[in-house]
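Participant: Sharing a structure here in structure tokens format.
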Amino acid sequence: MADKRRRTDDAAVQALFTFAAENGIDVETAWDRYDAQQPQCGFGKLGLCCRICNMGPCRIDPFGNGAKQGVCGASADTIAARHLARMIAAGTACHSDHGRSIVHTLHLIGTGETKDYQIKNPDKLLKVAAEYGIKTDGLSIQQVAKQVAEMAYEDFGRQHGHQHFVQRAPEKRQQLWERLGVTPGGIDREVVNLMNITHMGVDNDYKSILRHGVRGALADGWGGSMIATDLGDAMFGMPKPVRSAVNLGILQKDEVNVIVHGHEPVLSEMMVEASRDPELLALAKEKGANGITLGGICCTANEILMRHGVPIAGNFLTQEVCMMTGVVDAMVVDVQCVMPGLAEMSRCTHTKLITTNPRCHFPDADVQHIELDEKNALEIARKIVRIAIENYTNRDKSRINIPVEKAGLIAGFTAENTYNFLGGHYRATYRPLNNAIIEGRIRGLAGVVGCNNMAGHQDRSHLAMTMELIKNDVLVVQTGCAAIACAKHELLTPEGAKYAGPGLREVCEAVGIPPVLHLGSCVDNSRILITLANVLKEGGLGEDYSDIPVAGAAPEWMSEKAIAIGFYVVASGIFTVFGGPQPVMGSKNVADYLLGGMTEDYGACFSFEADPVKAARQMIDHIDKKREALKLRPMLYEYESAPATDDLVNV
Amino acid sequence: MSRTKSITHLKVLVNPANCVGCRSCELACAVAHSASGDLYAMAQAGERPGYRITIEPYDNQPIPVHCAHCENAACQAACPTGAIYREEANGPVLFVAERCIGCRMCLHACPFGVITLHPLGAGVLKCDQCIERLEQGREPACTEGCPTGALLFGDEDDVAKAKRQQSAQRLLNMPAEGR
């Protein structure tokens with residue numbers, strides 16, 4: 001138990017482990033299962049295991065004593081590159097199917113087949129329609145919805161030509177992609193292509209495989225993810241900066257608590273409505289509860305946080321332990337990052353685990369499947385909330401333990417509303433942001449995104465890296481579990497500016513923003529691309545992403561989606577640090593290409609650095625190089641850099 | 001006191017039925033004997049520390065074959081320079097590269113074939129039972145690296161005892177006519 005506590009920096013999770021130990025609750029969590037998995041296979045870690053055909057599995061001896069090639073003759077380079085390309089395909093598939101479900105819902109609005117959803121932001125829909133070249137004169141908003149959805153469907157199934165939103169990228173970048181042959185075509189086609197070229201006996205040139213991989217990743221960032229963000233904004237409403245709360249302290253002892261977990265917002269939007277339904281609130285009262293609290297985990301949480309201010313219960317590694325509070329009456333999951341281990345934990349508590357997506361089932365008889373039907377979504381959400389209410393009375397009162405930890409945060413920043421925040425309503429431009437960088441108040445920008453990873457400490461790397469960056473006047477934008485991690489430590493509040501360097505603090509205090517901006521869920525990394533495109537358009541910071549003083553990071557990455565994101569960010573020209581190495585280190589050629597060679601092609605490359613402060617220093621050095629290349633002024637308050645910040649980390 | 005004194009009763013024990021042929025033991029051995037001791041750094045540096053345990057395929061079964069640290073070690077007897085030696089009567093049979101002249105007599109003498117040529121052609125590879133790790137209170141890299149329990153670091157007496165117990169149980173469960 002002591003070991004488990006050491007491997008999270010979330011005091012709420014630590015408190016629950018202590019409670020479990022003291023009360024003899026012995027349930028396996030990811031922490032135990034990670035230990036049980038040790039030692040993990042070195043061939044897999046190095047990317048030298050190939051399971052693609054049935055002559056294998058083949059392994060390459062990293063010491064050159066044994067096999068240098070698989071049965072088919074595939075080298076370490078081929079095997080590592082193929083495996084990585086398949087990880088990209090999976091990541092792109094996940095984000096893009098998320099986008100597809102948004103398009104599907106939009107289409108149902110257009111055909112009038114659902115009344116539960118509306119176009120809450122017609123302006124956004126019209127803007128996207130214009131980009132798609134749809135003539136909207138004389139069309140009702142419903143008709144526009146149908147046409148936009150059909151155009152978006154085409155971006156998935158397109159056989160010839162490119163993704164529509166690629167045209168949002170800077171001119172120079174578009175030309176670079178065209179020259180390298182990586183401008184993404186139809187999203188589905190790119191995923192199919194990656195599965196094809198990595199089959200036994202197709203592509204075996206690692207550089208060619210990685211080039212295909214890049215195109216597949218760009219189909220995610222500039223396709224599936226961007227569609228999910230933009231059409232989500234049109235349908236569910238444009239996020240606005242909103243105050244809310246984070247961590248397990250948001251759970252209420254005397255209310256029915258429902259946790260939504262996963263990634264897609266289609267059902268959770270309705271869950272918000274159902275949790276505020278007077279009839280259901282009355283039923284909750286009848287059962288002795290004072291109300292209904294909805295809380296979220298992972299990106300489903302981020303989606304309804306930024307649009308409705310729904311509080312966040314935790315991030316990826318909190319999903320199992322949250323049930324140990326004894327007050328989660330239902331956990332409602334959709335897709336992605338949903339641990340199969342949830343079922344065992346739900347059996348050891350009173351929590352009802354409910355799956356809702358046709359893509360995600362549990363084999364366990366006690367996990368209920370109530371499938372989302374967009375045509376009848378609100379009623380389904382009501383049914384789920386009713387189950388939670390009915391379960392309220394089944395709580396074991398002796399096992400209730402709600403951690404006190406709860407922090408405030410502000411979420412809901414977008415590429416669009418950054419105008420208002422930095423420029424003010426009367427001067428809605430990116431000029432103030434650009435000027436702050438040019439004048440040396442803000443050193444540059446960094447996107448710190450991604451998962452939790454059991455291989456490290458929950459939240460520690462996110463926090464240490466972000467602290468180091470803001471201390472050095474780097475304005476940080478975040479999405480996903482990274483944002484939740486830093487929110488727990490109050491970096492996503494204006495008060496967080498006290499940890500910022502003098503220049504960044506000045507800007508934050510002048511306009512009242514946190515030093516760390518929450519841009520949404522993991523598909524909303526597309527917002528970062530658009531924000532930076534706007535920065536370029538505003539002028540003074542170069543002509544391409546690779547000119548801007550900006551860096552990306554995924555310090556606690558674990559999923560294939562993170563690989564897809566990393567690749568579309570690097571291929572867009574942004575230097576990006578991953579916490580642990582991608583599984584390619586057994587191939588010197590692939591590793592060298594990712595860690596340096598990519599710069600020749602894309603103007604940016606990866607770095608793999610497990611130490612979050614060292615990683616932050618790499619990002620700062622990169623930003624400084626870009627400032628120098630742009631001949632920007634020295635930092636306004638340049639000071640001797642203090643030693644690495646660890647006051648928040650070593651708690 | 002000899003550094004091997006306290007651990008002479010512990011041995012690397014093999015349970016071939018549990019071996020799935022993942023070769024994690026070989027990898028762990030190489031990492032433990034590399035300059036950096038780090039898997040990624042070693043792979044990137046192109047270092048070739050080699051491994052001193054082998055997963056030998058036999059009849060489509062993976063079998064871990066490792067140094068038995070024999071009581072009357074043929075390799076030690078064959079070595080003309082004392083490069084292969086013991087610090088303690090029952091301690092592991094150790095190898096010091098500086099004294100090795102590369103005659104490979106040990107390789108020819110070993111009845112198990114577990115002494116192999118160094119991948120860089122300089123001398124031989126010989127299991128040292130991870131003597132340095134043992135001094136730190138850790139177990140050998142190969143047994144620690146084994147995910148299935150095919151390799152264990154333990155007391156031979158305990159293992160013999162466990163086997164006698166299994167044997168006794170089998171006898172007890174034997175049908176009457178078979179007794």
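The values are calculated or read from the model by the stated rules, or taken from the named source; none is laboratory data. What you see is a predicted model, and the numbers here were worked out from it, not measured in a lab. Neighbour counts are summed over all protein chains in view; Cβ atoms, including those assigned to glycine, are modelled from backbone coordinates with ideal geometry. Side chains included, ligands, DNA and RNA excluded: accessible areas come from the protein's heavy atoms. Shrake-Rupley method; radii C 1.70, N 1.55, O 1.52, S 1.80 Å.
Participant: Would you mind finding the one in A:LEU280, A:LEU294, A:LEU267 that is in contact with a strand residue (DSSP E or B) (Cβ under 6 Å, 6 or more places away or on another chain) and buried (at least 17 other Cβ atoms within 10 Å of the Cβ)? Give the derivation first.
Facilitator: Working: A:LEU280 fails: in contact with a strand residue (DSSP E or B) (Cβ under 6 Å, 6 or more places away or on another chain); A:LEU267 fails: in contact with a strand residue (DSSP E or B) (Cβ under 6 Å, 6 or more places away or on another chain).
The match here is A:LEU294.
Participant: Here's something else I'd like to know. Looking only at region A:557-596, filter to residues that are more than 14 Å from every other protein chain (Cβ to nearest Cβ) and of a type in the set (Gly, Ala, Ser); which one of those is farthest from A:LEU180 (Cα to Cα)?
Facilitator: Residues of region A:557-596 more than 14 Å from every other protein chain (Cβ to nearest Cβ): A:557-577.
If we keep only those that are of a type in the set (Gly, Ala, Ser) too, we end up with A:559, A:562, A:564, A:566, A:571-573.
Numbers: A:SER559: 27, A:ALA562: 23, A:ALA564: 18, A:GLY566: 18, A:ALA571: 11, A:SER572: 12, A:GLY573: 13 Å.
Within region A:557-596, the match that is farthest from A:LEU180 (Cα to Cα) is A:SER559.
Participant: Of the conditions (1) touching a residue at least 40 places away in the same chain (Cβ under 8 Å); (2) at negative phi, B:HIS69 clears all except one; give me its number.
Facilitator: Of the numbered conditions (1) touching a residue at least 40 places away in the same chain (Cβ under 8 Å); (2) at negative phi, the odd one out for B:HIS69 is (2).
Participant: Still on this model: Suppose we filter region A:100-133 for residues that are within 21 Å of A:HIS164 (Cα to Cα), in a loop (DSSP other than H, G, I, E, B) and either modelled with pLDDT under 95 or open to solvent by 20 Å² or more (accessible area, probe 1.4 Å) (or both); how many remain?
Facilitator: Residues in region A:100-133 being within 21 Å of A:HIS164 (Cα to Cα), in a loop (DSSP other than H, G, I, E, B) and either modelled with pLDDT under 95 or open to solvent by 20 Å² or more (accessible area, probe 1.4 Å) (or both): 2 in total.
Participant: Residue check: is A:LYS135 more than 17 Å from A:SER526 (Cβ to Cβ), of a type outside the set (A, V, I, L, M, F, W, C) and touching an Asp or Glu at 6+ places or on another chain (Cβ under 6 Å)?
Facilitator: For A:LYS135, the condition - more than 17 Å from A:SER526 (Cβ to Cβ), of a type outside the set (A, V, I, L, M, F, W, C) and touching an Asp or Glu at 6+ places or on another chain (Cβ under 6 Å) - is not met.
Participant: Can you name the number of the only condition in (1) open to solvent by 30 Å² or more (accessible area, probe 1.4 Å); (2) within 11 Å of chain B (Cβ to nearest Cβ); (3) among the charged types (D, E, K, R) that A:ASP61 fails?
Facilitator: It is condition (1) that A:ASP61 fails.
Participant: If I go through region A:511-530 residue by residue, how many of them are buried (at least 24 other Cβ atoms within 10 Å of the Cβ) and β-branched (Val, Ile, Thr)?
Facilitator: 3
Participant: Mind checking which residues of region B:135-153 are open to solvent by less than 40 Å² (accessible area, probe 1.4 Å), out of contact with any Leu (no Cβ under 8 Å at 6 or more places or on another chain) and more than 11 Å from chain A (Cβ to nearest Cβ)?
Facilitator: B:GLY149, B:ALA150 - these are the residues of region B:135-153 that are open to solvent by less than 40 Å² (accessible area, probe 1.4 Å), out of contact with any Leu (no Cβ under 8 Å at 6 or more places or on another chain) and more than 11 Å from chain A (Cβ to nearest Cβ).
Participant: Go through A:LEU469, A:LEU492, A:LEU433 for me and flag whichever is outside any helix (DSSP H, G or I) and either under 30 Å from A:MET339 (Cα atoms) or in contact (Cβ under 8 Å) with a residue 12 or more places away in the chain (or both).
Facilitator: Matching residue, one of A:LEU469, A:LEU492, A:LEU433: A:LEU492.
Participant: Taking into account only those residues within region A:597-616 that are free of Cβ contacts under 8 Å to residues at least 40 places away in the same chain and over 24 Å from A:GLN174 (Cβ atoms), which is nearest to the other protein chains (Cβ to nearest Cβ)?
Facilitator: Ranking the qualifying residues of region A:597-616, first place goes to A:PHE608.
Participant: Any idea which residue in region B:45-64 is farthest from the other protein chains (Cβ to nearest Cβ), counting only those that are in contact with an Asp or Glu (Cβ under 9 Å, 6 or more places away or on another chain) and open to solvent by 40 Å² or more (accessible area, probe 1.4 Å)?
Facilitator: B:ILE63
Participant: If you go through region A:568-597 one residue at a time, how many are aromatic (Phe, Trp, Tyr) and touching a strand residue (DSSP E or B) at 6+ places or on another chain (Cβ under 9 Å)?
Facilitator: Qualifying residue count for the region: 2.
Participant: While we're looking at this one, here's another question. State which residue is most open to solvent (accessible area, probe 1.4 Å) when the search covers only region A:30-58 and only residues that are aliphatic (A, V, I, L, M) and away from chain B (no Cβ under 13 Å).
Facilitator: A:MET55
Participant: Check whether at least one residue in region A:541-555 is in contact with a His (Cβ under 9 Å, 6 or more places away or on another chain), β-branched (Val, Ile, Thr) and open to solvent by less than 20 Å² (accessible area, probe 1.4 Å), and report yes or no.
Facilitator: Checked region A:541-555: at least one residue is in contact with a His (Cβ under 9 Å, 6 or more places away or on another chain), β-branched (Val, Ile, Thr) and open to solvent by less than 20 Å² (accessible area, probe 1.4 Å).
Participant: If you check A:GLU190, A:GLU178, which single one turns out to be within 24 Å of the chain's Cα centre (by Cα), more than 17 Å from A:ALA228 (Cα to Cα) and in a helix (DSSP H, G or I)?
Facilitator: Just a single option satisfies the conditions, and that option is A:GLU190.
Participant: Consider region A:318-334. How many of its residues are open to solvent by 10 Å² or more (accessible area, probe 1.4 Å) and closer than 14 Å to A:LEU267 by Cα?
Facilitator: Adding up the residues that qualify gives 1.
Participant: Consider only pairs whose beta carbons are under 6 Å apart and that are at least six residues apart or on different chains; among these, list those whose first residue lies in region B:72-97 and is within 10 Å of B:LYS126 (Cβ to Cβ) and whose second residue is hydroxyl-bearing (Ser, Thr, Tyr) and open to solvent by 30 Å² or more (accessible area, probe 1.4 Å).
Facilitator: Matching pairs, first to second residue: B:LEU94/B:TYR85.
Participant: Regarding A:GLY542, is this residue touching a residue at least 40 places away in the same chain (Cβ under 8 Å) and within 14 Å of another protein chain (Cβ to nearest Cβ)?
Facilitator: no
Participant: When B:MET42 is evaluated against the numbered criteria (1) surrounded by fewer than 20 Cβ atoms within 10 Å (Cβ to Cβ); (2) within 14 Å of chain A (Cβ to nearest Cβ), which criterion, by number, is the only one it fails?
Facilitator: Among (1) surrounded by fewer than 20 Cβ atoms within 10 Å (Cβ to Cβ); (2) within 14 Å of chain A (Cβ to nearest Cβ), B:MET42 violates only (1).
Participant: Within region A:576-592, is there a residue that is more than 23 Å from A:ARG59 (Cβ to Cβ) and open to solvent by 20 Å² or more (accessible area, probe 1.4 Å)?
Facilitator: Within region A:576-592 (the criterion being more than 23 Å from A:ARG59 (Cβ to Cβ) and open to solvent by 20 Å² or more (accessible area, probe 1.4 Å)), the answer is no, since none of the residues qualifies.
Participant: While we're looking at this one, here's another question. Starting from residues that are more than 14 Å from the chain's Cα centre (by Cα) and within 17 Å of A:VAL266 (Cα to Cα), keep the ones in region A:306-317 and report whichever is surrounded by the most Cβ atoms within 10 Å (Cβ to Cβ).
Facilitator: Filtering first and then ranking leaves A:VAL310.
Participant: Residue under question is B:GLU71, and the condition is that it be among the acidic types (Asp, Glu) and closer than 26 Å to B:CYS19 by Cβ; does it hold?
Facilitator: Spelling it out, B:GLU71 is indeed among the acidic types (Asp, Glu) and closer than 26 Å to B:CYS19 by Cβ.
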